[in-house]
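The values are calculated or read from the model by the stated rules, or taken from the named source; none is laboratory data. Computed from a predicted model, the values in this text were never measured in an experiment. Because the Cβ atoms are built from the backbone with ideal geometry, glycine has one as well, and the counts that use them run over all protein chains shown. When the accessible area is computed, the model is the full protein with side chains, heavy atoms only, and any ligands, DNA or RNA have been set aside. Shrake-Rupley method; radii C 1.70, N 1.55, O 1.52, S 1.80 Å.
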Amino acid sequence: MGVITLTKKLFIFDFDGTLVNTFYDSVIAYNKALEQHGREVYHYDKLEDLEFDDFIENMTRDEEILETYGEIYTNSNMEYTKPYPGIMEVLETLDNNPEVELAICSNRIQNLLDMLTERLFSNINFKHVIGYNEGGYFKPNPEMMNQILDHENYSRDEIIYIGDRGTDIKTAKNSNLDLILVTWGQGNSEAYNDSYPLKVIDNPKQLLNL
């Protein structure tokens, strides 16, 4: 695929639910962490039935359990953790475009984010890979996004943020960024019907039309 002229020059991606399906392995690892700390685990018949927003809210509430989760997840075989279909092709196309730069901004723990990015996207040049560090703030607080924006000279209309959930809508608003929302992650109809995103897309290739 040749170089495509795009109006957006800096593509900032959310990670979980946008680039990579990590949900199944995350739930399994988090339940093991809860069990290790003597807490009640999540009970479910099918992982698809879990309410993602509630899961994430509980997961990020306790630093000690979050750290244990990180250790368990890192040492797991990550059987279900993989990029969504079509993501790699789109990233490679964008990465090969000399006018475009790529970044990641995720609530995932920084060392885990670094490991997964290297493991799954070793051939992609991400200029920034920003994750959560202890004592910092989670999105939608703009602090993490500002770690990227404060080091770039792009105008806001040259930057696009790509996410999958209501939290990403709030993050984009708080950071004064345009947003593309994807439907293959853990979003819901409320997010998809929000008026803020420029587009709601069903296929990664639609990112090449910005």
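If V200 satisfies every condition in (1) outside any strand (DSSP E or B); (2) farther than 15 Å from L19 by Cβ but one, which is the exception?
The single condition V200 does not satisfy is (1).
Could you grab me the full set of residues in segment 77-86 that are modelled with pLDDT under 95, open to solvent by less than 40 Å² (accessible area, probe 1.4 Å) and at negative phi?
Hit for segment 77-86 is T81, nothing else.
Can you confirm whether segment 158-165 contains a residue that is surrounded by 14 or more Cβ atoms within 10 Å (Cβ to Cβ) and among the small types (G, A, S)?
First, pick out the residues of segment 158-165 that are surrounded by 14 or more Cβ atoms within 10 Å (Cβ to Cβ): 158-165.
Remaining after also requiring among the small types (G, A, S): 163.
Checked segment 158-165: at least one residue is surrounded by 14 or more Cβ atoms within 10 Å (Cβ to Cβ) and among the small types (G, A, S).
Return the residue satisfying two criteria in turn: it lies in segment 113-138 and is part of a loop (DSSP other than H, G, I, E, B) and at pLDDT 95 or above, and of such residues it is nearest to R61 (Cα to Cα). Let's see the steps before the verdict.
To start, the set of residues in segment 113-138 that are part of a loop (DSSP other than H, G, I, E, B) comprises 121-125, 133-138.
Going one step further and asking which of them are at pLDDT 95 or above, we end up with 121-125.
Numbers: F121: 29, S122: 31, N123: 34, I124: 32, N125: 32 Å.
Among them, the one singled out is F121.
Can you confirm whether D25 is more than 23 Å from P142 (Cβ to Cβ), modelled with pLDDT of 90 or more, charged (D, E, K, R) and surrounded by 15 or more Cβ atoms within 10 Å (Cβ to Cβ)?
Values: more than 23 Å from P142 (Cβ to Cβ): yes; modelled with pLDDT of 90 or more: no; charged (D, E, K, R): yes; surrounded by 15 or more Cβ atoms within 10 Å (Cβ to Cβ): yes.
It is false that D25 is more than 23 Å from P142 (Cβ to Cβ), modelled with pLDDT of 90 or more, charged (D, E, K, R) and surrounded by 15 or more Cβ atoms within 10 Å (Cβ to Cβ).
Those residues that are within 21 Å of T22 (Cα to Cα), part of a helix (DSSP H, G or I), modelled with pLDDT of 95 or more and open to solvent by less than 10 Å² (accessible area, probe 1.4 Å), I need them from segment 87-112; list them, please.
Within segment 87-112, I87, V90, L91 meet the criteria.
Considering only segment 53-67, I want to know if a residue exists there that is at pLDDT 85 or above and in a loop (DSSP other than H, G, I, E, B).
No, because not a single residue in segment 53-67 is at pLDDT 85 or above and in a loop (DSSP other than H, G, I, E, B).
Can you pull out the residues in segment 125-164 that are touching a Ser or Thr at 6+ places or on another chain (Cβ under 9 Å) and farther than 15 Å from A103 by Cβ?
Once the filter is applied, which keeps residues that are touching a Ser or Thr at 6+ places or on another chain (Cβ under 9 Å) and farther than 15 Å from A103 by Cβ, segment 125-164 yields Y132, F138, P140, N141, D157, D164.
Among the residues that make up segment 166-181, is at least one of them out of contact with any helix residue (DSSP H, G or I) (no Cβ under 9 Å at 6 or more places or on another chain) and under 19 Å from L102 (Cα atoms)? Talk me through it step by step, then tell me what you get.
Looking only at segment 166-181, we keep the residues that are out of contact with any helix residue (DSSP H, G or I) (no Cβ under 9 Å at 6 or more places or on another chain), and these are 170, 173.
Subsequent filtering for residues that are under 19 Å from L102 (Cα atoms) retains none.
The answer is no, given that none of the residues of segment 166-181 is out of contact with any helix residue (DSSP H, G or I) (no Cβ under 9 Å at 6 or more places or on another chain) and under 19 Å from L102 (Cα atoms).
Does Y44 fit the bill of being modelled with pLDDT under 85, outside any helix (DSSP H, G or I) and open to solvent by 60 Å² or more (accessible area, probe 1.4 Å)? Steps first, please.
Values: modelled with pLDDT under 85: yes; outside any helix (DSSP H, G or I): yes; open to solvent by 60 Å² or more (accessible area, probe 1.4 Å): yes.
Yes; evaluated as a whole, the condition is true for this residue.
Between residues in segment 6-29 that are part of a helix (DSSP H, G or I) and residues that are at pLDDT below 95 and aliphatic (A, V, I, L, M), which pairs lie under 6 Å by C-beta distance while being six or more apart or on different chains?
Close Cβ pairs satisfying both conditions: Y24/L47; D25/M78; V27/L47; A29/I72.
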